[in-house]
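Worksheet: one structure, shown below.
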Amino acid sequence: MRRLFLVLAFPAISVLLMAGNPVKSYKNPVVDYSLPDPTVIKGDDGYFYLYATEDIRNMPIHRSKDLINWESVGTVFTKETRPTFEPKGGLWAPDINKIGNRYVLYYSMSRWGGEWTCGIGVAIAEKPEGPFIDHGMMFRSSDIGVQNSIDPFYIEENGKKYLFWGSFRGIYGIELSQDGLAVASGAVKKQIAGTAYEGTYIHKRNGYYYLFASTGTCCEGLKSTYQTVVGRSDNLWGPYVDKKGNPMLENNHEILIHKNKDFVGTGHNAELVADKNGDDWVLYHGVSVANPSGRVLLLDKVIWKEGWPTVKGNSASKKAKKPLF
């Protein structure tokens with residue numbers, strides 16, 4: 001009987017030890033199927049909501065409490081509500097925001113090679129999981145005079161609203177109307193970065209604006225050369241420069257995340273998310289060498305050094321300490 005008691009006790013002790021010592025690390029990828037070009041926002045319900053290019057038809061929506069464990073909660077559009085302004089086009093590279101009491105999602109609609117017919121649209125919802133109501137195209141490349149007008153990013157500054165966008169034909173910005181649903185009357189676009197970039201995201205921190213972007217090829221499987229880069233400015237409209245002061249308008253930058261033996265094609269980051277410790281975390285996509293089907297979702301901690309963002313090893317982690325939520 002004593003031996004039986006000891007055998008039964010050991011599993012109970014193990015459970016107690018595990019309960020007292022929760023797992024403190026995570027492994028990349030945090031989602032092991034294709035969720036390219038992520039954008040993320042925290043909803044009023046405490047969940048983080050993530051949207052991505054439609055490798056899952058009609059633009060997938062996922063949610064998580066900790067940036068690690070994600071579940072699907074549907075899609076932005078349905079077959080009936082799907083935008084149609086670019087015939088046979090895909091829905092790419094969304095950008096989610098809360099403007100007033102509404103969730104406003106900017107999206108690209110494009111097809112490969114359609115660099116003058118592609119454009120940027122906008123949809124709104126009362127809740128981050130939708131349903132989203134499409135407000136249609138804001139502009140297309142031929143209208144606004146910027147070839148390959150995709151990859152939108154929204155930001156507010158001094159009470160005004162702006163949209164930045166572009167893909168390997170220059171990064172541009174323009175003022176929006178107060179509801180964020182259209183280009184402001186009389187607004188003039190301005191170029192802020194050169195022709196090496198796409199996937200714009202601007203982060204404000206300690207008096208600087210950090211322009212995150214991606215360079216290289218995104219979508220060639222294990223041959224992808226995509227990487228995440230960054231420059232900074234003391235003004236939203238630039239000039240953005242690298243550490244030596246060389247301008248991003250001339251395609252100069254600092255490399256934030258490049259390939260390693262586990263992941264290649266590491267780029268197009270989402271918004272930075274701060275945890276309870278005040279640490280910043282970045283979600284982005286990459287191609288797993290172990291399973292090179294699609295562009296999987298990756299997560300890493302951003303460490304700030306001498307006013308610049310860095311990621312450990314300048315590449316994706318395989319295993320790392322979890323964020324605190």
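The values are calculated or read from the model by the stated rules, or taken from the named source; none is laboratory data. Model, not experiment: these values are computed from the prediction. Note that each Cβ is placed from the backbone with ideal geometry, even for glycine, and that neighbours are counted across all protein chains shown. Note: areas computed on protein heavy atoms with side chains; ligands, DNA, RNA excluded. Shrake-Rupley method; radii C 1.70, N 1.55, O 1.52, S 1.80 Å.
Given the -39500 (n - 2.57) contribution per DSSP H run of 4+ residues, what per-residue ellipticity at 222 nm results for the chain, rounded to the nearest 500 deg cm²/dmol?
Values: 2 runs with 23 residues, N = 325.
One gets -2000 deg cm²/dmol as the mean residue ellipticity at 222 nm.
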*If each of Asp234 and Lys204 carries a label point 7 Å out from its Cα toward its Cβ, how far apart are those two points in nm?*
1.7 nm
*What nm distance separates the two modelled labels at Glu71 and Lys321, each placed 7 Å from Cα along Cα→Cβ?*
2.9 nm
*Probe 1.4 Å, all protein chains in place: accessible area of Thr81 in Å², nearest 10?*
60 Å²
_Lysine pairs within the range 24-144, Cα separation less than 12 Å, 8 or more sequence positions apart or different chains_ = 4
*Relative contact order for the range 185-253 using alpha-carbon pairs under 8 Å, separation at least 6, rounded to a whole percent?*
29 percent
_Check which residues have an amide H placed less than 5 Å from Arg295's amide H, if you skip close sequence neighbours._
Ser34, Leu35
*How many nm is it between the label spots at Lys98 and Lys160, if each spot is 7 Å from the Cα in line with the beta carbon?*
2.6 nm
*asked:* Give the separation of the Cα centroids, the range 182-229 to the range 144-180, in Å.
replied: 11 Å
*Sketch the reach of a paramagnetic label on Ala182 as a point 7 Å from Cα along Cα-to-Cβ, and name the residues of the range 101-123 whose backbone nitrogen lies under 17 Å away.*
120-123
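If the convex hull of the alpha-carbon atoms of the range 133-288 is projected onto planes in all directions, what is the mean projected area in square nanometres? Present the calculation step by step, with values, prior to reporting the outcome.
Working: hull surface 44.6 nm².
Here the figure is 11.2 nm², rounded to one decimal.
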*Please state, to two decimals, what the Cα-based radius of gyration of the range 223-278 comes to when divided by 2.2 N^0.38 Å (N = residues).*
1.36
*Determine one quarter of the surface area of the Cα convex hull of the range 54-192, which equals its mean projected area, and express it in nm² to one decimal.*
9.0 nm²
*Overall dimensions of the chain as given by Cα atoms, namely Rg and Dmax in Å*: 20.9, 87
*asked:* Ignoring ligands, DNA and RNA, please state the percent of accessible area on the chain from carbon and sulfur, probe 1.4 Å.
replied: 53 percent
*asked:* Over the range 141-243, what is the relative contact order in percent, taking alpha-carbon pairs closer than 8 angstrom and at least six residues apart?
replied: 18 percent
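Relative contact order for the chain: what is it in percent, counting Cα pairs under 8 Å that are at least 6 residues apart?
Numbers: 866 pairs, mean separation 48.5, N = 325.
Relative contact order comes out at 15 percent.
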